[in-house]
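The values are calculated or read from the model by the stated rules, or taken from the named source; none is laboratory data. This one's a predicted model, so the numbers in the text were calculated from it and none came from an experiment. Positions of Cβ are generated from backbone atoms using ideal geometry, with glycine treated the same way; all protein chains shown enter the neighbour counts.
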There are 2 protein chains.
Amino acid sequence: MPDIISVIRNRRSVRKFKDKPVEDSKLLRILEAGRWAPSGLNNQPWRFLVIQDKDLQSKISRYTKYGRIITGANLLIVVLMDTADSYNRDKDLMATGAAIQNMLLEACVLGIGSCWLGEIVNQKSHVQKLLELDSDLELLAALAFGYPACKPISCRKKLKNLIIYPDLKSKDNKSLYRDGQ
Amino acid sequence: MPDIISVIRNRRSVRKFKDKPVEDSKLLRILEAGRWAPSGLNNQPWRFLVIQDKDLQSKISRYTKYGRIITGANLLIVVLMDTADSYNRDKDLMATGAAIQNMLLEACVLGIGSCWLGEIVNQKSHVQKLLELDSDLELLAALAFGYPACKPISCRKKLKNLIIYPDLKSKDNKSLYRDGQ
């Protein structure tokens, strides 16, 4: 079986990209990965807007302090929620997060770096206007893709700091995590 | 590189499980996959409560109409958000969705079926009380795991129905998706 845990562990946000286009075949695989995420009642509220246009990227970049990542990307996937297809905002947001993660992982496997940009939603009304989106479409994130020009690092909390132990939990497997990472 | 797209496409919600425990080594890998999800400002708002206790599962099962999946599971991971670590609810929900998807994918690779249960959050205050959780911990989902006793099917919208084409998008690659799935 595929070693997904290695991809999950080694994927990092890439913020600098080579001047090399992302092939259509790879773009399609990234979108396909997003398409197959799970969602509550299988409502699939996510929508994807694909941008490979430096002029338009430059216009969008004005609405986030991370604009340089957007202008430097070879491919931008703007992730939207179709609020007409939404049935529970919290669950739809989690489902869209799952779709995004699928895309980031698949990109990583294809040798494509990615950066999940969330800060831009602070200016969502401006971006939605710029992109002339229907009023049902809400900006949730922008994903920048491209061949990596650098090798970034990151870290995570230790597992023992993520595990909750209520008194009611009968099986004492704290030791499982205590010695872990 | 690992063939993640096949796992993404073939993973399905499993609602019936064999009477066979999930090994601790597999549980740890599932949690490890969740741990390495991306989050805004790397705030990692997710927390995991691991339950392998049929009595407790039975008590929890009363708070969802999908209770039978909870009682039938060999492992339940209750996914919580630490609201004290939250900085933006929308982004934290998406990040937690990414962590959940990591766990579902890793479980699939390990031969473990899973079901993401969201309906239970309608009764979150009762579940939080039952589990004696700190007030900072908010129930976001329950993930049921176990060795699959059935082979479920599912489907997704076609890619062409997920792609948004604003007038501004200069590169006309509609044909890319039109003939796709």
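Some observations on this one:
- The set of residues in the stretch A:5-39 being among the hydrophobic types (A, V, I, L, M, F, W, C), in a loop (DSSP other than H, G, I, E, B) and within 7 Å of chain B (Cβ to nearest Cβ) consists of A:Trp36, A:Ala37.
- Residues satisfying the stated conditions in the stretch A:45-71, i.e. touching a Pro at 6+ places or on another chain (Cβ under 9 Å) and either surrounded by fewer than 19 Cβ atoms within 10 Å (Cβ to Cβ) or closer than 21 Å to B:Met94 by Cα (or both): A:Leu49
- Residue pairs meeting the criteria (Cβ under 6 Å; at least 6 apart or on separate chains; first at pLDDT below 95, in the stretch A:82-98; second in a helix (DSSP H, G or I)): A:Ser86/A:Asp92
- Residues of the stretch A:132-161 classified as out of contact with any Phe, Trp or Tyr (no Cβ under 7 Å at 6 or more places or on another chain) and in a loop (DSSP other than H, G, I, E, B), total: 13
- Unique match (being more than 10 Å from chain B (Cβ to nearest Cβ) and modelled with pLDDT under 95) among A:Ile120, A:Ile153: A:Ile153
- Identity of the residue in the stretch A:1-14, in contact (Cβ under 8 Å) with a residue 12 or more places away in the chain and surrounded by fewer than 20 Cβ atoms within 10 Å (Cβ to Cβ), that ends up nearest to the chain's Cα centre (by Cα): A:Ser13
- A:Leu93 vs. criteria facing another protein chain (nearest Cβ under 9 Å) and under 19 Å from the mean Cα position of the chain (by Cα): yes
- If you go through the stretch A:15-30 and keep only what is closer than 19 Å to B:Asn10 by Cβ and surrounded by 22 or more Cβ atoms within 10 Å (Cβ to Cβ), you end up with just A:Ile30.
- Counted residues, the stretch B:123-138 - those being in contact (Cβ under 8 Å) with a residue 40 or more places away in the chain, touching a helix residue (DSSP H, G or I) at 6+ places or on another chain (Cβ under 9 Å) and more than 10 Å from chain A (Cβ to nearest Cβ): 2
- Boolean, B:Pro2 is assigned to a loop (DSSP other than H, G, I, E, B), on the phi < 0 side of the Ramachandran plot and in contact with a helix residue (DSSP H, G or I) (Cβ under 9 Å, 6 or more places away or on another chain): yes
- Output for the stretch A:3-49, where each listed residue is hydroxyl-bearing (Ser, Thr, Tyr) and under 15 Å from A:Tyr147 (Cβ atoms): A:Ser13, A:Ser25
- Failed criterion for B:Asn42 (all others in (1) among the polar types (S, T, N, Q); (2) at the interface with another protein chain (Cβ under 9 Å from one of its Cβ atoms); (3) out of contact with any strand residue (DSSP E or B) (no Cβ under 7 Å at 6 or more places or on another chain); (4) closer than 27 Å to A:Gln44 by Cβ hold): (4)
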